[in-house]
Amino acid sequence: MLKVGLTGGIGAGKSEVSRLLVEQGAVLIDADRIAREVVAPGTAGLAAVVDAFGEGVLAEDGSLDRPRLGSIVFADAEKLAVLNSIVHPLVGARSHELEEAAAEDSVVVHDVPLLAENGLAPLYDLVIVVDASPETQLDRLVRLRGMTEEDARARMAAQATRDKRLEIADVVIDNDVPLEALQRRVRDVWAELVRRARGASE
């Protein structure tokens, strides 16, 4: 099994790269999706978040109001740390379960937005960073996700710097390129991952 950490700044296009890797045959463990699962209605995770931040972070249907919670924590490093201390251990435990269930010769790609911020690079055999310029990130967040420029800049500022992400990269996938070029690059990277996985399982 080859354990790959995949990360990139918000708006860099990491989700597109993870989708392309799955098309090639990767087993994807998506930390964001798991982070939503562990705070779903009825979970201990949601109860802990409400204890920490109050019932104002709940939507009318009892689910977590993620935009409201985001507006609270992304503007306050201490509150963000509190949220992370609740969610990260739960995500880690569930990720480990999914990894254990994968076949021995798999390429397991962990899609982890905060890989650089949380010093998680040593957990993986290889780290892939999806890179895009801050201008590209900002444009995508405003144009494609409908964020205000102020909110988008706050989200970007709450993450590791571009340089810090690139420091931990074993492989960099440039996503300031047309989709066809990105697809070619991902296919090349996949061929290398498969070669390494075979070496690791022999």
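The values are calculated or read from the model by the stated rules, or taken from the named source; none is laboratory data. Quantities reported herein were computed from a predicted structural model and do not represent experimental measurements. Don't worry about glycine lacking a Cβ; one is built from the backbone with ideal geometry, like all the others, and counts go over all protein chains shown. What goes into the accessible areas is simple: the full protein's heavy atoms, side chains included, and nothing from ligands, DNA or RNA. Shrake-Rupley method; radii C 1.70, N 1.55, O 1.52, S 1.80 Å.
The alpha carbons of the range 8-70 occupy a box of 42, 22, 19 Å along the principal axes, longest dimension given first. With a sphere of radius 12 Å drawn around the Cβ of Met147, what net charge do the other residues whose Cβ falls strictly inside it have (Lys, Arg +1; Asp, Glu -1)? Spelling it out: positives minus negatives among the neighbours equals +1. For the chain, the longest principal axis of the Cα atoms and the long axis of helix 14-24 meet at an angle of about 40 degrees.
Counting only heavy atoms of the protein chains and using a 1.4 Å probe, Met156 has close to 40 Å² of accessible surface.
One Cα centroid belongs to the range 122-198, the other to the range 21-98; the line between them spans 22 Å. A prolate overall shape is assigned to the range 32-119, the ratio a/c of its alpha-carbon gyration tensor axes (a ≥ b ≥ c) being 1.5 or greater and a/b exceeding b/c. With the biggest extent put first, the Cα atoms of the range 67-111 measure 42, 15, 15 Å across the principal axes. Every helix of 4 or more DSSP H residues in the chain counts as -39500 (n - 2.57), and over all residues that averages to -16500 deg cm²/dmol at 222 nm. Compute the label zone of Leu98 within the range 124-162: residues whose backbone N is under 17 Å from the point 7 Å along Cα-to-Cβ. Zone members listed by number: 124-125, 128.
Let me make sure I get this right: for the range 149-202, a, b and c are the square roots of the gyration tensor eigenvalues over alpha carbons, sorted descending. Under 1.5 in a/c it's rounded, otherwise prolate if a/b > b/c, else oblate. Which is it? Intermediate values should be presented prior to the final figure.
Values: a/c = 3.57, a/b = 1.79, b/c = 2.00.
Oblate is the answer for the range 149-202, as a/c is 1.5 or above yet b/c matches or exceeds a/b.
Relative to the Cα centre, what is the charge dipole magnitude of the range 105-202, using +1 at the beta carbon of each Lys and Arg, -1 at the beta carbon of each Asp and Glu, and rounding to the nearest 20 debye? Working shown, then result.
Values: 14 positive and 19 negative charges, 32 e Å.
Computed about the Cα centre, the dipole is about 160 debye.
Seen against the Cα atoms of the chain and their longest principal axis, helix 44-53 is set at about 50 degrees. Considering only Val91, Leu64, Ala44, whose Cα is most displaced toward the positive end of the charge dipole of the range 1-101, charges sitting on Cβ of Lys, Arg (+1) and Asp, Glu (-1)? Farthest towards the positive pole: Val91. Computed from the Kirkwood radius of its Cα pairs, the Stokes-Einstein diffusion coefficient for the chain at 4 °C and 1.567 mPa s stands at 72 µm²/s.
Tell me the per residue accessible area of the range 1-94 using a 1.4 Å probe; a whole number in Å² is fine.
Values: 4580 Å² over 94 residues.
Result: 49 Å² per residue.
Ordered from largest to smallest accessible area (heavy atoms of protein chains, 1.4 Å probe), the residues Lys164, Lys3 come out as Lys164, Lys3.
If N is the number of residues in the range 113-202, what value comes out of its Cα radius of gyration divided by 2.2 N^0.38 Å? Please list the in-between numbers first.
Details: Rg = 15.3 Å, N = 90, 2.2 N^0.38 = 12.2 Å.
So the range 113-202 has a normalised radius of gyration of 1.26.
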